[in-house]
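The values are calculated or read from the model by the stated rules, or taken from the named source; none is laboratory data. Fair warning: this is a prediction, and the values are worked out from it, not measured in the lab. When we count neighbours, we look across all protein chains shown, and the Cβ atoms used for this are built from the backbone with ideal geometry, even at glycine. Accessible surface areas use protein heavy atoms only, side chains included; no ligands, DNA or RNA. Shrake-Rupley method; radii C 1.70, N 1.55, O 1.52, S 1.80 Å.
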Amino acid sequence: MQITVCLGDSCHLKGTRQVAETLQRLIWENGLQDEIDLSGTFCMGRCRTGVSVTVDGAYHSLSPETTERFFQEQILPQLRQ
Ligand code: FES
């Protein structure tokens, strides 16, 4: 699974760093380092709704507050399919 976090200025102001750190921590806590590739990218052109994140190309809007829940409810079930 490929997770890409926007590193553009607008998303940065909304908490990209916290979102990325939370994802990184959850990947490690769940032992998913071999299954999830976490990377960053430049502006995705959806600055208004960021923090912009794609999961295998599918767009999602996250915030530092919603990241952990998103991981539990969206990422983990997709990996178990
Ligand atoms: S800065 Fe993230 S979508 Fe533009």
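Here is how the numbers come out for the structure above:
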{"item": "So Q33, is it more than 10 Å from the ligand (Cβ to nearest atom), in a helix (DSSP H, G or I) and either modelled with pLDDT under 95 or open to solvent by 40 Å² or more (accessible area, probe 1.4 Å) (or both)", "result": "no"}
{"item": "Restricting region 36-54 to residues that are of a type outside the set (V, I, T) and assigned to a loop (DSSP other than H, G, I, E, B), the residue that is nearest to T67 (Cα to Cα)", "result": "G50"}
{"item": "Neighbours by Cβ (under 7 Å, 6+ apart or cross-chain): first from region 13-36, closer than 23 Å to T49 by Cβ; second of a type in the set (G, A, S) and in a loop (DSSP other than H, G, I, E, B)", "result": "K14/G50; K14/S63; G15/S63"}
{"item": "Some residue of region 8-30 being within 11 Å of the ligand (Cβ to nearest atom), surrounded by fewer than 18 Cβ atoms within 10 Å (Cβ to Cβ) and part of a loop (DSSP other than H, G, I, E, B)", "result": "no"}
{"item": "Total residues in region 40-66, condition open to solvent by less than 50 Å² (accessible area, probe 1.4 Å), more than 14 Å from the ligand (Cβ to nearest atom) and within 16 Å of Q2 (Cα to Cα)", "result": "2"}
{"item": "Of all residues making up region 67-81, the number that are open to solvent by 50 Å² or more (accessible area, probe 1.4 Å) and either among the hydroxyl-bearing types (S, T, Y) or under 15 Å from L7 (Cβ atoms) (or both)", "result": "0"}
